[in-house]
Ligand SMILES: [Zn+2]
């Protein structure tokens with residue numbers, strides 16, 4: 001072996017080592033963050049019993065998180081959404097502010113700084129607490145007029161859900177606004193706004209869109225002729241045009257509403273509808289190879305359990321709800337893709353927000 005070739009081999013090994021270490025430091029290009037509102041372990045169990053296998057099972061990294069808010073062991077969706085979107089706990093009812101009232105920077109705001117596209121796709125009104133935690137900063141989650149104002153200024157590229165009645169002026173039939181502002185017209189100056197599923201599906205060759213598919217929440221999963229998976233596919237295809245990557249938050253919003261109503265069949269339908277979105281996200285992540293998918297809940301709703309003899313074959317005949325409200329039970333986390341291992345273990349809800357932000361944050365300024 002010659003002197004020259006020894007050196008040559010040394011440099012090749014060094015070069016490969018640098019490439020490997022650079023790759024292991026690389027952050028995922030895209031993040032799809034999925035929240036089953038109110039989805040505890042029992043809700044996932046129910047979906048699996050009925051369907052046999054569910055797409056959430058494709059994730060090989062699992063964790064659990066404690067869902068408490070700053071002022072209550074039993075959180076609401078505003079405080080829980082804030083912990084997941086910012087990495088900080090706040091009081092129940094508060095969106096995107098710390099308990100003292102200071103704005104907390106959220107995952108989407110960090111993503112904008114890196115030039116990524118951002119979006120939300122949900123099955124409730126777009127001003128509801130969970131999506132609002134990804135764009136708004138306000139002390140009261142039910143001040144929908146104010147949250148709608150903040151949504152149209154948020155810079156999100158894709159917004160899919162319900163709730164146009166919070167955007168049309170008070171004179172408009174069905175409006176819930178208290179003023180004469182027409183936020184639909186204001187938003188149309190920035191991007192297309194559509195109000196039907198067909199128009200959303202036809203939208204092509206654009207990078208930004210707001211789709212408000214109902215005046216209020218979207219119909220229940222069993223009463224829609226499209227799934228949250230269809231909405232997620234569309235959101236991904238629009239956002240993925242951005243070469244710097246994207247961050248998308250998808251919410252299976254009505255698992256929570258079904259559990260508040262102690263309606264077992266609706267809990268199953270909504271959890272399986274959420275799982276169609278999980279399939280959409282995981283199929284994209286597999287094909288893309290540089291997308292992290294994190295699936296969790298904001299809290300458990302209903303204190304759901306399956307006592308002895310409550311299950312017959314693949315049917316749940318006597319599931320039991322111990323509450324019509326949220327509970328303090330830990331909720332599951334499933335992760336897939338680069339950096340998925342950061343979501344294994346047991347931790348507080350803030351760990352998820354902090355870790356996602358760390359993964360989208362710029363290492364050095366300026367970053368775009
Ligand atoms: Zn709830």
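Some points to look at:
- Qualifying residues in the range 233-271 (those that are within 13 Å of the ligand (Cβ to nearest atom) and in contact with a helix residue (DSSP H, G or I) (Cβ under 6 Å, 6 or more places away or on another chain)) - the one nearest to residue 126 (Cα to Cα): 251
- Cβ pairs under 6 Å, 6+ apart, first in the range 245-260 and within 20 Å of residue 112 (Cα to Cα), second modelled with pLDDT under 95 and near the ligand (Cβ under 9 Å from one of its atoms): none
- Residue check, residue 66 farther than 27 Å from residue 287 by Cβ, surrounded by 11 or more Cβ atoms within 10 Å (Cβ to Cβ), modelled with pLDDT of 60 or more and touching a helix residue (DSSP H, G or I) at 6+ places or on another chain (Cβ under 9 Å): yes
- Subset of the range 71-85 [away from the ligand (no atom under 13 Å from the Cβ) and in contact with a helix residue (DSSP H, G or I) (Cβ under 7 Å, 6 or more places away or on another chain)]: 83, 84, 85
- Restricting the range 300-349 to residues that are at positive phi and touching a strand residue (DSSP E or B) at 6+ places or on another chain (Cβ under 9 Å), the residue that is surrounded by the most Cβ atoms within 10 Å (Cβ to Cβ): 302
- Scope the range 283-315; condition within 16 Å of the ligand (Cβ to nearest atom) and not in a loop (DSSP other than H, G, I, E, B); matching residues: 296, 297, 300, 301, 304
- Residue among 272, 292 that is buried (at least 19 other Cβ atoms within 10 Å of the Cβ) and within 12 Å of residue 46 (Cα to Cα): 272
The values are calculated or read from the model by the stated rules, or taken from the named source; none is laboratory data. Nothing here was measured: the structure is a model prediction, and the numbers come from that model. Positions of Cβ are backbone-derived with ideal geometry, glycine not excepted, and every protein chain shown enters the neighbour counts.
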